[in-house]
Amino acid sequence: MSESSPPAGSSSRPSYYHHHDLGRFGEIARGAPALAEKFFDYYAAVFAEGALSAREKSLIALAVAHTVQCPYCIDAYSKDALEKGSNLDEMTEAVHVAAAIRGGASLVHGVQMLNHVDDLGM
Amino acid sequence: MSRVLPTLAKARAPLASAVAQRRVLARVPLARGFDRALADAGLFPLSTRQIEVLQLNLGKRCNQTCGHCHVDAGPDRTEVMSRPVLEAALAFLERGGIPTVDITGGAPELHPDFRELVTRASGLGRHVMHRCNLTAILLPNYADIPALLAAHAVEVVASLPYFQARETDRQRGEGVFAESLEALRRLNRLGYGQGRGLVLNLVTNPVGTFLPGEQRALEARWKQQMQARYGIVFDRLFTITNMPISRFLDFLERQGRTEEYLGRLVAAFNPAAAAGVMCRTTLSVGWDGTLYDCDFNQMLELPVSAPAPRTIFDATREALEGRGIATGPHCYGCTAGAGSSCGGAIA
């Protein structure tokens, strides 16, 4: 790969997001290391095999990643979902679940609009 | 099958050369060299133990040209194991008392002496394994192979990257998945994979530049899916990491992702997997009789290190056991995550 990571602390970054930064997530422990440790321990526990399988959790994470529109998370969980054995159909359906909830959240507020229209009307 | 691509060799691609592959790998900057990783794990220098498996690569001929093939096998390859090499391998199998013979290729059943090899190795009381691409046994001149395998209780290790056509065909060629199902059904009808002594194991490798998942979890899902969708049963699922050599290296280079992929393998180095790598208990024999530590080293033309005997004609257990193993950056492919071997995950 010819592209290299911009130096840490550089003020000449081409954009706010850079995919190399995903691999630097752990550096967040530079400040408040105890909190970072708690977070990463918690994170690992959340994604461990449990009542839900690790594969199912990975698909949920992929859907949430699209809802919060986090490019790091989409990168990480696209890869993770494939590694957990999920396929494109399942991953796409997960993204549609995110889209449906997100779209539905807007649309269901239309009931509030109806309430206002009803209140304001004759 | 409608898609059979030319091999790297046929296309005269630069990475058809083992030397060129080694050069590309050597140029990739790694956070830690493989020998350094071994040393940090207390495993340097890596050496062999008792030989438990004699792996015979019968040649590079294959009816498929899979996108990840570490052999660069295909219909246009002509390298096949000669009769004298085959005889020497059988003689070593017998006098060395090696318990298992693992037959690979290419598609090894395309070798004219495959049937005889299976029969004689089985006659010596050895456990025989056949690495099967599933489609070669459907070819008209090879339709007798499944019954032969069953008659000698040969363990079949069959490649199938995924339980759907889209993924499988993208890696192995249009129509391969449907043919693979037909072959698996034939094997099931002969009693394979039914838990009655005829062992049918599947091998999955990622269709892309990601690492394989946890073998046990994948196996449970695959068993459920293969049974529910296709009525097919099997014994074990083995996960294998794509090795960054030959055609997969060519793919990585074309994608500009060699460094990224190697980086992932290096970051996932697992000392437990390194301790159990299959090269420690395997002796690999090339089509021309040259000895290697594994099939991957064979394709990179990295023979066993001196002073071990270099060919099957000179092989003795005493001279080969305890030898130092030839390593390189590609070895990270077998030690990443849960590890990878011809028998699947290691750790």
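The values are calculated or read from the model by the stated rules, or taken from the named source; none is laboratory data. Here the structure is a predicted model, which is why all the values come from computation and not from measurement. Positions of Cβ are generated from backbone atoms using ideal geometry, with glycine treated the same way; all protein chains shown enter the neighbour counts.
Please indicate, with yes or no, whether at least one residue in region A:50-58 is at pLDDT 95 or above and away from every other protein chain (no Cβ under 14 Å).
Yes: one or more hits.
For a quick check of your reading of the model, give me the residue pairs whose first member lies in region A:55-72 and is free of Cβ contacts under 8 Å to residues at least 24 places away in the same chain, whose second is surrounded by fewer than 16 Cβ atoms within 10 Å (Cβ to Cβ) and of a type in the set (G, A, S), with beta-carbon atoms closer than 9 Å and at least 6 apart or on different chains.
A:K57/A:A48; A:K57/A:G50
Here are some residues: B:P45, B:P6, B:P84. Which one is over 30 Å from B:L320 (Cβ atoms), out of contact with any His (no Cβ under 7 Å at 6 or more places or on another chain) and loosely packed, with under 15 Cβ neighbours inside 10 Å?
Values: B:P45 fails: over 30 Å from B:L320 (Cβ atoms); B:P84 fails: over 30 Å from B:L320 (Cβ atoms).
Exactly one residue qualifies, and that residue is B:P6.
When you go through (1) within 14 Å of chain A (Cβ to nearest Cβ); (2) outside any helix (DSSP H, G or I); (3) touching a residue at least 60 places away in the same chain (Cβ under 8 Å) one by one for B:P161, which number turns out not to apply?
Every condition holds for B:P161 apart from (3).
Taking the condition of being within 13 Å of chain A (Cβ to nearest Cβ) and within 13 Å of B:V156 (Cβ to Cβ), how many residues in region B:203-215 meet it? Give the steps one after another, and end with the answer.
Residues of region B:203-215 that are within 13 Å of chain A (Cβ to nearest Cβ), as a first pass: B:204-215.
Imposing the further condition that a residue be within 13 Å of B:V156 (Cβ to Cβ) reduces the set to none.
Total satisfying the criteria: 0.
Which numbered condition trips up B:D250, out of (1) more than 10 Å from chain A (Cβ to nearest Cβ); (2) under 28 Å from B:A39 (Cβ atoms)?
Among (1) more than 10 Å from chain A (Cβ to nearest Cβ); (2) under 28 Å from B:A39 (Cβ atoms), B:D250 violates only (2).
Checking the condition touching a Pro at 6+ places or on another chain (Cβ under 6 Å), in a helix (DSSP H, G or I) and farther than 27 Å from B:T335 by Cα, which residue from B:R166, B:R229, B:R186 passes? Working first, answer last.
Numbers: B:R166 fails: touching a Pro at 6+ places or on another chain (Cβ under 6 Å); B:R229 fails: touching a Pro at 6+ places or on another chain (Cβ under 6 Å).
Criteria check complete, one pass: B:R186.
Filter region B:121-158 for residues that are within 17 Å of B:S180 (Cβ to Cβ), small (G, A, S) and in contact (Cβ under 8 Å) with a residue 24 or more places away in the chain and give the result.
Result: B:A136, B:A158.
State yes or no: is B:L211 farther than 28 Å from B:V80 by Cα and part of a loop (DSSP other than H, G, I, E, B)?
On the way: farther than 28 Å from B:V80 by Cα: yes; part of a loop (DSSP other than H, G, I, E, B): yes.
Answer is yes for this residue.
So which pairs qualify, if the first residue must be in region B:217-236 and more than 14 Å from every other protein chain (Cβ to nearest Cβ) and surrounded by fewer than 18 Cβ atoms within 10 Å (Cβ to Cβ), the second must be assigned to a helix (DSSP H, G or I) and among the basic types (K, R), the Cβ gap must be under 8 Å, and the two must be at least 6 apart or on different chains?
Hits for this filter: B:Y230/B:R185; B:G231/B:R185; B:V233/B:K223.
With a cut-off of at least 1 residues that are touching a Lys or Arg at 6+ places or on another chain (Cβ under 6 Å) and surrounded by 11 or more Cβ atoms within 10 Å (Cβ to Cβ), name the helices (runs of 4 or more DSSP H) lying wholly within region A:15-122.
On the way: elements: A:33-46, A:54-67, A:71-83, A:88-108, A:110-120.
Correct list: A:54-67.
Just name the residue that is nearest to the other protein chains (Cβ to nearest Cβ) out of those in region B:164-179 that are of a type outside the set (D, E, K, R) and touching a residue at least 24 places away in the same chain (Cβ under 8 Å).
B:T168
On the given criteria, is B:G213 buried (at least 18 other Cβ atoms within 10 Å of the Cβ), without any contact (Cβ under 8 Å) to a residue 40 or more places away in the chain and small (G, A, S)? Working first, answer last.
Details: buried (at least 18 other Cβ atoms within 10 Å of the Cβ): yes; without any contact (Cβ under 8 Å) to a residue 40 or more places away in the chain: yes; small (G, A, S): yes.
For B:G213, the condition - buried (at least 18 other Cβ atoms within 10 Å of the Cβ), without any contact (Cβ under 8 Å) to a residue 40 or more places away in the chain and small (G, A, S) - is met.
Those residues that are β-branched (V, I, T) and under 14 Å from A:A61 (Cα atoms), I need them from region A:95-113; list them, please.
Here is the first cut: in region A:95-113, the residues β-branched (V, I, T) are A:95, A:97, A:101, A:108, A:111.
Correct list: A:V95, A:V97.
If you go through region B:23-75 one residue at a time, how many are in contact with a strand residue (DSSP E or B) (Cβ under 9 Å, 6 or more places away or on another chain) and not in a helix (DSSP H, G or I)?
Looking only at that region, the number is 26.
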